Amino acid sequence: MRRVVRVGVIGTGFGGRVVAPVFGATEGVEVVEVVSARDERAVGSLCRRSDVDLVSVHSPPFLHAAHVRLALAGGRPAVLCDKPFGRQAAESEQLLAEAEAAGTRHLVNFEFRHHPARLRLRELITSGVAGGVRHLAWVHHTAGSTQPMRPHGWLFRRDCGGGWIGAWAPHAVDTVRWLLGDIDVASVHAVLRTDVPVRPSSDGDREPMRVDVEDGLVADFVTTAGATVSLDSTFAAAAASPPRIVVIGGDAVIECLADRRITVRSPAGNAVEEIDVGPPGAERHDVAMSRWAEVVRDAVRDGRQIQPSFADGVECDRVLDRLRAGRRMVAPDPD
């Protein structure tokens, strides 16, 4: 019988709601503790536990570096950090260097690499079904910050690593790099939007607070392979619509709708393949995390370094730095 991998989770938000239950339901994994990211004593104690094989960091971005360093200092064999890995690429580069110096296995939680729709989409692209990829367009509009109106907090503060670039763009950038064959981004142009410039205070008693980050963006990339990429996303829409990825190749067009249906169309416009890949009603994070948890378990058991690693987090954060340098358009204050 193979040994049980023991996981300690930092963060009671996404970590407690999604990550811990998924790891706990994974055969051969035991979640030994879930601690609040704001409880410094509990976090420090967790990172020193000799029975913890993996520290899984799901704290707010401004605490990632401190918590990763505690796990490294505690001598834990492996550490998994959520996205965005660091607040800037320089911070991420330093964390990568420290993890490698410590001999610690390091992972970044780009779990959507293991969603069945994304896996099938990558397979179609890398096997040449589309031909040479010329362009990838991704539209992702949600109402996650407006329906209901989300109050002010770290997610809307630049100094805390907030903003839609940190919340959504890491998954988008990593997915694009991975889908197109682990390519890099050569150039970036971005326009950022703040459609809700003022948000209610978190306690409801104080005056509304001004936002200093974007809640939407339009970005254009050119990859080192010569393909162009466009991203159009927000989490401040009036209503959500199904996300859509379209890959335009020399031989075919591939469309992935809502991570559930993939359609391959011929140059004549005929649908030559339609693939249902998403179980009805399944939560996208749960589906991806359940498969990713098995991969993480096996890597930790075997002492293997796998991808996506801190190095992938660094490459992603270099692109995020350039996105954040884009011009920001701020809507007028509400009456």
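The values are calculated or read from the model by the stated rules, or taken from the named source; none is laboratory data. As the structure is a computational prediction, the values presented were derived from the model and not from experiment. Every residue, glycine as well, gets a Cβ built from its backbone with ideal geometry; the counts of neighbours run over all protein chains shown.
Hey, any hits in region 160-167 for a residue that's in a loop (DSSP other than H, G, I, E, B), under 21 Å from the mean Cα position of the chain (by Cα) and at pLDDT below 95? If you could, list the steps in order and put the result at the bottom.
First pass over region 160-167, keeping only residues in a loop (DSSP other than H, G, I, E, B): 161-163.
This time we only want the ones that are under 21 Å from the mean Cα position of the chain (by Cα), so: 161-163.
Next, from what is left, pick out any that are at pLDDT below 95: 161-162.
Looking for residues that are in a loop (DSSP other than H, G, I, E, B), under 21 Å from the mean Cα position of the chain (by Cα) and at pLDDT below 95, one finds at least one in region 160-167, hence yes.
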Looking only at residues in region 1-12 that are modelled with pLDDT of 95 or more and surrounded by fewer than 21 Cβ atoms within 10 Å (Cβ to Cβ), which one is nearest to residue 60 (Cα to Cα)?
12
Being in contact with a helix residue (DSSP H, G or I) (Cβ under 6 Å, 6 or more places away or on another chain), within 27 Å of residue 315 (Cβ to Cβ) and at pLDDT 95 or above, is that true of even one residue in region 190-197?
yes
Residue match in region 106-116 (condition: part of a helix (DSSP H, G or I), free of Cβ contacts under 8 Å to residues at least 60 places away in the same chain and hydrophobic (A, V, I, L, M, F, W, C))
no
Which numbered condition in (1) of a type in the set (Ser, Thr, Tyr); (2) free of Cβ contacts under 8 Å to residues at least 60 places away in the same chain; (3) touching a Leu at 6+ places or on another chain (Cβ under 9 Å) is the only one that residue 234 fails?
(2)
Index of the failed condition, residue 132 passing every other in (1) assigned by TED's automatic domain parsing to the domain that holds residue 224; (2) out of contact with any Lys or Arg (no Cβ under 6 Å at 6 or more places or on another chain); (3) modelled with pLDDT of 95 or more:
(3)
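Report, by residue number, each residue of region 117-142 that is assigned to a loop (DSSP other than H, G, I, E, B) and crowded, with 16+ Cβ neighbours inside 10 Å.
Correct list: 129, 130, 142.
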Counting just the residues of region 75-99 that are closer than 21 Å to residue 31 by Cβ and surrounded by 20 or more Cβ atoms within 10 Å (Cβ to Cβ), which one comes out farthest from the chain's Cα centre (by Cα)?
76
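Would you point out which residue out of 2, 6, 17 is farther than 26 Å from residue 314 by Cα, in contact (Cβ under 8 Å) with a residue 40 or more places away in the chain and not in a loop (DSSP other than H, G, I, E, B)?
Just one listed residue meets the conditions, 6.
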Of the residues that sit in region 299-316 and are assigned to a helix (DSSP H, G or I) and of a type in the set (Gly, Ala, Ser), which one is farthest from residue 185 (Cα to Cα)?
299
Single residue of 21, 84, 60 found to be within 26 Å of residue 172 (Cβ to Cβ) and in contact with a Cys (Cβ under 7 Å, 6 or more places away or on another chain)
60
Which of the numbered conditions does residue 80 fail, given that it passes all the others? Conditions: (1) of a type outside the set (Asp, Glu); (2) assigned by TED's automatic domain parsing to the domain that holds residue 235; (3) assigned to a strand (DSSP E or B).
(2)
Residue check for residue 86: touching an Asp or Glu at 6+ places or on another chain (Cβ under 6 Å) and farther than 30 Å from residue 37 by Cβ
no
